[in-house]
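Reading through the structure tokens given below for one structure.
The values are calculated or read from the model by the stated rules, or taken from the named source; none is laboratory data. Everything numeric in this text was worked out from a predicted model, so none of it was measured. Cβ: placed from backbone, ideal geometry, glycine included. Neighbour counts: every protein chain shown. SASA here: full protein model, heavy atoms, side chains in, ligands and nucleic acids out. Shrake-Rupley method; radii C 1.70, N 1.55, O 1.52, S 1.80 Å.
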Amino acid sequence: MINTGTPRSISGHAVSGGIVAFMVSGAYQYAKFKDGKTTKSQAIQTTLKSTLEGAIIGACAIAAANTIGDPNKSTINKIAQASAYIAIGGAFAYAAQNLLKPKECKTLQNQQKRINNDK
């Protein structure tokens, strides 16, 4: 048996994962915005998407760890439940990446075309 310690709060780790993702993504997107590589709207959308992903992944990872450390479950049950939590987290992250795409900015596209044509 793997001792993962006392079961941890799934909702608490969802909040923690979201906060960390918000801080990291927000700083990165702010730097991109200041350099003119993204628009304000795209930076905000990307930061919010990353925040959602961080919350979901954090919650699913803790749920899987809690399941693995539960002494009242059989090994097969632990593997099945932990795999399900990981799959759910992966599916939500995939959906967030592919379904919540920010719209492309026409101004930035035009600038890129001009830069490429000047080369």
Taking the stated definitions as given, is Asp118 modelled with pLDDT of 90 or more, open to solvent by 100 Å² or more (accessible area, probe 1.4 Å) and of a type in the set (Asp, Glu)? no
I want to confirm something. Restricting to the range 74-106 and keeping residues that are open to solvent by less than 60 Å² (accessible area, probe 1.4 Å) and outside any helix (DSSP H, G or I), which single residue is modelled with the lowest pLDDT? Pro102
Output yes when any residue across the range 20-35 is of a type outside the set (A, V, I, L, M, F, W, C) and touching a residue at least 40 places away in the same chain (Cβ under 8 Å), and no when none is. no
Please go through the range 6-30 and pick out each residue that is within 30 Å of Lys78 (Cα to Cα), open to solvent by less than 40 Å² (accessible area, probe 1.4 Å) and either in contact with a helix residue (DSSP H, G or I) (Cβ under 6 Å, 6 or more places away or on another chain) or not in a helix (DSSP H, G or I) (or both). Ala14, Gly17, Gly18, Ala21
I'd like the full set of residues that are open to solvent by less than 50 Å² (accessible area, probe 1.4 Å), over 21 Å from Ala87 (Cβ atoms) and either among the β-branched types (Val, Ile, Thr) or not in a helix (DSSP H, G or I) (or both), limited to the range 31-63. Gly36, Thr38, Thr39, Thr46, Thr47, Thr51
So the check is Cβ under 8 Å with 6+ separation or different chains; which pairs have a first residue in the range 62-90 that's touching a residue at least 12 places away in the same chain (Cβ under 8 Å) and a second one that's among the small types (Gly, Ala, Ser) and outside any helix (DSSP H, G or I)? Ile62/Ser9; Gly69/Gly5
